[in-house]
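Peer 1: Please find one structure pasted underneath; my questions will follow.
The values are calculated or read from the model by the stated rules, or taken from the named source; none is laboratory data. Being a predicted model, the structure only gives us computed values, none of them experimental. Don't worry about glycine lacking a Cβ; one is built from the backbone with ideal geometry, like all the others, and counts go over all protein chains shown. Please note that ligands, DNA and RNA were not included when accessible areas were found on the heavy atoms of the full protein model with its side chains. Shrake-Rupley method; radii C 1.70, N 1.55, O 1.52, S 1.80 Å.
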Amino acid sequence: MSRYWSALVHDLSPYTPGEQPRIANLIKLNTNESPLAPSPAVLAAIAGEATEALRLYPDPAATALREALATYHGLSADQVFVGNGSDEVLAHAFAGLLKHDAPLLYPDITYSFYPVWAQLFGVATEAVPLDADFRVRIADYRRPAGAIILPNPNAPTGTPLALAEIEALLRDHPAIPVVIDEAYVDFGAETAVPLIAAHPNLLVVRTFSKSRALAGLRVGYALGHRDLIEALTRVKDSFNSYPLGRPAQAGAIASVQDDAAFQAGLASIVATRGRMTAGLEALGFQVLPSAANFVFARHPAHGGADLAAALRGRAILVRRFNAPRIADHLRITVGTDGQTEALLSALAEILAA
Ligand SMILES: *Cc1c(COP(=O)(O)O)cnc(C)c1O
């Protein structure tokens, strides 16, 4: 605390990102990064930007990237917004679309950055409890609201909503903005992008950080009606006109255009997720059905804090949330097959001890 702080800063409770420690031979399964390298085409595109042209500002509108994403999703470029990671895109949505007199609804167990942005931007919120199976129940959202935000699949649970359920949510709420955060959708959930044409209140937010193995590049985007995109652009141009540098724009374009590498990476992670789930269940863990690149699991006989600490002692990092109902769960990123074997044998040792 300091007397130089503004009242705003004084009252913030910031998000705590997963640790990025420097430990030798660390098995890092705590922040849902991809275990795979970005495709060679992406790395070449990024390297190709290391030229004297870096003295010039990048395209503030990232036109070529927005056009590539529009083509990929069957939309027009004015239906695409890009930002410095989807965290920035989501923050702009909180400022530009989600602040109304009635509260913003989101699940009680969800991406823990949502309440942080709500506080930063003074957005009134109401948390809607997940059901006993840790699922989002659309019927529970039939209540007065100023806006709604949901991840699909949800985080940190990994459980997906069917497209018909998202459609029902949109039918229930035609007059308020609905944001679907699809950070993990590529790993097995249904995208809401086909609903954009009929629902001008729907904003779909995506990231290159997880399924595209580019967390270090910081690229995220939103898709929706051009009026929603204009709201985000107005906020962006009141904050930072150049959120994406030249290497980020070029690397992201190359990723969108290298669909073969993208699909192969997804298939390999989904296969490893199956092996990891089976291995955890064989050790007695209860694992929620996951459509993401992580699983959410608890052991009926062992506390989450103890398990996470014992894994850390073996240089394996997983994520635990010290929050009601989930304090004994571990969120474990799907790594390589080798990392998964190391995780399972470490857990076998810990449970036997
Ligand atoms: C990882 C994540 C994001 C943010 O990703 P960026 O790296 O900022 O693009 C957004 N929403 C959810 C639910 C996430 O898990």
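Peer 1: Could you give every pair whose Cβ atoms fall below 7 Å, whose first residue belongs to the stretch 299-318 and is without any contact (Cβ under 8 Å) to a residue 24 or more places away in the chain, and whose second residue is of a type in the set (A, V, I, L, M, F, W, C), counting only separations of at least 6 or pairs across chains?
Peer 2: ALA308/VAL318; ALA308/LEU330
Peer 1: On to the next question. Being touching a Ser or Thr at 6+ places or on another chain (Cβ under 9 Å) and free of Cβ contacts under 8 Å to residues at least 12 places away in the same chain is the requirement here; does VAL287 meet it?
Peer 2: On the way: touching a Ser or Thr at 6+ places or on another chain (Cβ under 9 Å): yes; free of Cβ contacts under 8 Å to residues at least 12 places away in the same chain: yes.
So VAL287 fits the description; yes.
Peer 1: If you don't mind, there's one more thing I want to ask. Given the structure, is ALA47 over 22 Å from PHE187 (Cβ atoms), in the same structural domain as PHE187 (by TED's automatic domain parsing), touching a helix residue (DSSP H, G or I) at 6+ places or on another chain (Cβ under 7 Å) and open to solvent by 10 Å² or more (accessible area, probe 1.4 Å)?
Peer 2: Answer is no for this residue.
Peer 1: Do you know which residues across the stretch 325-340 are open to solvent by 40 Å² or more (accessible area, probe 1.4 Å) and in contact (Cβ under 8 Å) with a residue 24 or more places away in the chain?
Peer 2: Answer for the stretch 325-340, where residues must be open to solvent by 40 Å² or more (accessible area, probe 1.4 Å) and in contact (Cβ under 8 Å) with a residue 24 or more places away in the chain: ARG325, ASP328, THR336, ASP337, GLN339.
Peer 1: Moving on to the next point. Let me confirm something: among LEU163, LEU150, LEU98, LEU130, which residue is within 19 Å of THR207 (Cα to Cα), in contact (Cβ under 8 Å) with a residue 24 or more places away in the chain and either more than 16 Å from the ligand (Cβ to nearest atom) or outside the structural domain of ASP328 (by TED's automatic domain parsing) (or both)?
Peer 2: Matching residue, one of LEU163, LEU150, LEU98, LEU130: LEU150.
Peer 1: Being over 18 Å from PRO38 (Cα atoms) and without any contact (Cβ under 8 Å) to a residue 12 or more places away in the chain, is that true of even one residue in the stretch 262-270?
Peer 2: Taking every residue of the stretch 262-270 in turn, none turns out to be over 18 Å from PRO38 (Cα atoms) and without any contact (Cβ under 8 Å) to a residue 12 or more places away in the chain.
Peer 1: Here's a follow-up. Quick one: in the stretch 189-205, of everything that is part of a loop (DSSP other than H, G, I, E, B) and more than 15 Å from the ligand (Cβ to nearest atom), which residue is surrounded by the fewest Cβ atoms within 10 Å (Cβ to Cβ)?
Peer 2: Of everything passing the filter in the stretch 189-205, ALA198 is surrounded by the fewest Cβ atoms within 10 Å (Cβ to Cβ).
Peer 1: Further question on the same structure: Scan LEU104, LEU120, LEU90 and give me the residue that is open to solvent by 10 Å² or more (accessible area, probe 1.4 Å) and either touching a residue at least 60 places away in the same chain (Cβ under 8 Å) or within 16 Å of the ligand (Cβ to nearest atom) (or both).
Peer 2: Unique residue meeting the criteria: LEU120.
Peer 1: Next question, about the same structure. Out of ALA215, ALA222, ALA248, ALA292, I need the residue that is in a helix (DSSP H, G or I) and at pLDDT 95 or above. Which one? Explain how you work it out, then say what you get.
Peer 2: Details: ALA215 fails: in a helix (DSSP H, G or I); ALA222 fails: in a helix (DSSP H, G or I); ALA292 fails: in a helix (DSSP H, G or I).
Only one candidate qualifies: ALA248.
Peer 1: Could you check how many residues of the stretch 60-74 are open to solvent by 40 Å² or more (accessible area, probe 1.4 Å) and out of contact with any strand residue (DSSP E or B) (no Cβ under 6 Å at 6 or more places or on another chain)?
Peer 2: 8
Peer 1: Six or more apart or on different chains, Cβ under 7 Å: which pairs go from a residue in the stretch 201-215 that's under 15 Å from VAL185 (Cβ atoms) and of a type in the set (Phe, Trp, Tyr) to one that's within 12 Å of the ligand (Cβ to nearest atom) and open to solvent by less than 20 Å² (accessible area, probe 1.4 Å)? Could you list them?
Peer 2: Final answer for the pair search is PHE208/LEU214; PHE208/VAL219; PHE208/GLY220; PHE208/ALA252.
Peer 1: Quick one: is VAL82 among the β-branched types (Val, Ile, Thr) and within 20 Å of GLY224 (Cβ to Cβ)?
Peer 2: Yes; evaluated as a whole, the condition is true for this residue.
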